[in-house]
Structures are given as C-alpha cells and as structure tokens.
Amino acid sequence: MSPFPTLGSEARPAASAGMDSGAHFDLKGTAGFLVADARGRVVGRVEGPMYATSPEIPEALSVRRSLLRRRRRLVPADAIEAIDERTRVIGLRIERAAIRAFL
C-alpha cells in the first residue's frame, strides 16, 4: 500500500525496477504540482524541470517550499515514485531529509 493518501488509481509509476531513472517520464508539465516525500510529508511545489546532460530530458525538479523562501530543493528524476495528474501530486520514494537544497 502506498503512503500517499492523495495518489489514486490514476497515478502513474515513474520507473520500473529495470529502469535507472524516471527521466522517461514527462516532467516538463509538472510546474505547480505538489511534491510529497515517502512518508507523505509535503516537500513543496514544483517550480520547473532542471536539465543537465541532455536539453530534451529533465534530470531533476526544482521544488520550492513557499513563495517567501529563496532556497529550493533539487529532486532527482529517479527519486519520483508516481505522479497523479488528477490531483497534481508527485510522490517520492525518498524522505524529505535526503533532498539537497540549493540557491
């Protein structure tokens, strides 16, 4: 059973056991989605995708906790467990403390 109470039957798994990252997942349209960690705690809202080696495939998401805070968290694409398009929630397979802060 998933620890994400808002993720319903419409949630899509981000990666199967045979894949090394959730990069195959379309992260470009996730701006504004709520991000929850493995325990269901809110991490923040997605500001946008982050690119590294490939300009077409996002490798991480920039997540901001609130509008007043300047620091953001960098959520790697392979840390995403599921995305629920209906409720606009992204569930992570890691806990909030494991996510690096930047800027």
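The values are calculated or read from the model by the stated rules, or taken from the named source; none is laboratory data. As the structure is a computational prediction, the values presented were derived from the model and not from experiment. Please note: Cβ atoms are built from the backbone with ideal geometry, for glycine as well, and neighbour counts cover all protein chains shown.
Checking the stated criteria, Arg88 turns out not to satisfy the condition of being closer than 11 Å to Val35 by Cβ, touching a Lys or Arg at 6+ places or on another chain (Cβ under 7 Å) and charged (D, E, K, R).
Of everything in the range 73-89, what is more than 17 Å from Ile57 (Cβ to Cβ) and in a strand (DSSP E or B)? Give them in sequence order.
Arg73, Glu81, Ala82, Asp84, Val89
Assess whether Leu68 counts as being hydrophobic (A, V, I, L, M, F, W, C) and in contact with a helix residue (DSSP H, G or I) (Cβ under 6 Å, 6 or more places away or on another chain).
Details: hydrophobic (A, V, I, L, M, F, W, C): yes; in contact with a helix residue (DSSP H, G or I) (Cβ under 6 Å, 6 or more places away or on another chain): no.
In short, no.
Screening the range 56-103 for residues that are among the acidic types (Asp, Glu) and in contact (Cβ under 8 Å) with a residue 60 or more places away in the chain and picking the one that is surrounded by the fewest Cβ atoms within 10 Å (Cβ to Cβ) gives Glu85.
Considering only residues in the range 30-48 that are under 18 Å from Arg93 (Cα atoms) and without any contact (Cβ under 8 Å) to a residue 24 or more places away in the chain, the one that is surrounded by the fewest Cβ atoms within 10 Å (Cβ to Cβ) turns out to be Val42. Does Met19 meet the test of being in a loop (DSSP other than H, G, I, E, B), out of contact with any Phe, Trp or Tyr (no Cβ under 9 Å at 6 or more places or on another chain), surrounded by 11 or more Cβ atoms within 10 Å (Cβ to Cβ) and at pLDDT below 95? Here the answer is yes, as Met19 does meet what is asked.
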